[in-house]
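> One structure is given below, represented as structure tokens, and several questions about it will come after.
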Amino acid sequence: MRLLILGCGRVGATLANLMNKDGHDVTVIDLSNDAFDRLGAEFEGQTIVGDGTDEDVLVRAGIEEADAFAAVTNGDNRNIMAAQIAKHTFGVHKVICRIYDPIRQETYNALGLESISPTVVGAKLMKTALLNDAPRMQSAVQSIAEGRGVPQQNAAEREKSLTTKAATGENR
């Protein structure tokens with residue numbers, strides 16, 4: 001897959017390295033040349049310094065041949081604008097953007113822009129971790145990062161577990 005990533009912060013660099021390691025053709029765009037230091041020496045993709053909302057920069061990065069585009073800068077507005085340009089101007093097949101604001105994310109999802117809100121994802125992971133009494137060797141976030149699901153218990157299993165623990169005194 002030919003992938004363009006806008007933003008080389010922690011998420012952008014991690015995504016770039018994961019996709020590069022899996023053999024995908026990755027180009028990362030960022031306003032700061034120093035941001036590319038996060039990619040490390042093993043990154044074999046391309047880097048472009050520039051504004052990912054600038055069509056000339058996107059063309060230079062290869063957007064016309066891109067199969068996918070991910071906008072993961074720290075700015076909701078920049079991510080939304082870049083994602084819309086990738087999708088509507090260049091016709092990139094798979095476009096995803098990060099939107100911190102959950103209300104904005106719902107609005108743009110309803111308008112057909114595929115987005116992920118780390119605010120919502122993080123809150124749901126925290127809720128799961130708080131409500132799940134099963135002991136873990138790893139965090140829910142680590143499990144997801146490794147491509148595994150977060151262990152879930154249905155209500156009956158959770159009730160049985162809590163009742164058993166109460167009867168044996170394990171919760172004391």
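Just so it is clear, none of the values below were taken in a lab; they were calculated from the coordinates. This one's a predicted model, so the numbers in the text were calculated from it and none came from an experiment. Please note: Cβ atoms are built from the backbone with ideal geometry, for glycine as well, and neighbour counts cover all protein chains shown.
> Just check segment 1-136 against the gyration tensor rule for me: Cα atoms, a ≥ b ≥ c as the square roots of the eigenvalues, rounded for a/c under 1.5, and otherwise prolate or oblate depending on whether a/b exceeds b/c.
Judged from the Cα gyration tensor, segment 1-136 comes out oblate (a/c at least 1.5, b/c at or above a/b).
> HN-Hα J couplings of segment 11-17 from phi, Karplus 6.51/-1.76/1.60, θ = phi - 60°, integer Hz, Gly and Pro as x?
5, x, 5, 5, 4, 4, 5
> Could I ask something else about it? First measure r as the distance between the Cβ atoms of Glu44 and Ala129, then evaluate 1/(1 + (r/R0)^6) with R0 = 45 Å and state the FRET efficiency to the nearest 0.05.
The computed FRET efficiency comes out at 0.80.
> With contacts defined as alpha carbon pairs under 8 Å and 6 or more residues apart, what's the relative contact order of segment 2-116 in percent?
24 percent
> Could you state the number of Å between the C-alpha centres of segment 75-129 and segment 1-25?
Using only Cα atoms to place each centre, the spacing works out to 17 Å.
> With θ set to phi - 60°, apply the Karplus curve 6.51 cos²θ - 1.76 cosθ + 1.60 along segment 123-130 and write out the HN-Hα couplings as whole Hz, x wherever there is a Gly or Pro.
My calculation for segment 123-130 gives 5, 5, 5, 5, 4, 4, 5, 6 Hz in order.
> Still on this model: Would you pull out the residues with amide H under 5 Å of Ile99's amide H, same chain only if 5 or more places away, H placed 1.01 Å from N?
Ile116, Ser117
> In addition: Which value, in nm² and rounded to one decimal, describes the direction-averaged projected area of the C-alpha convex hull of segment 23-83?
Average of the hull's projected areas for segment 23-83 equals 4.3 nm².
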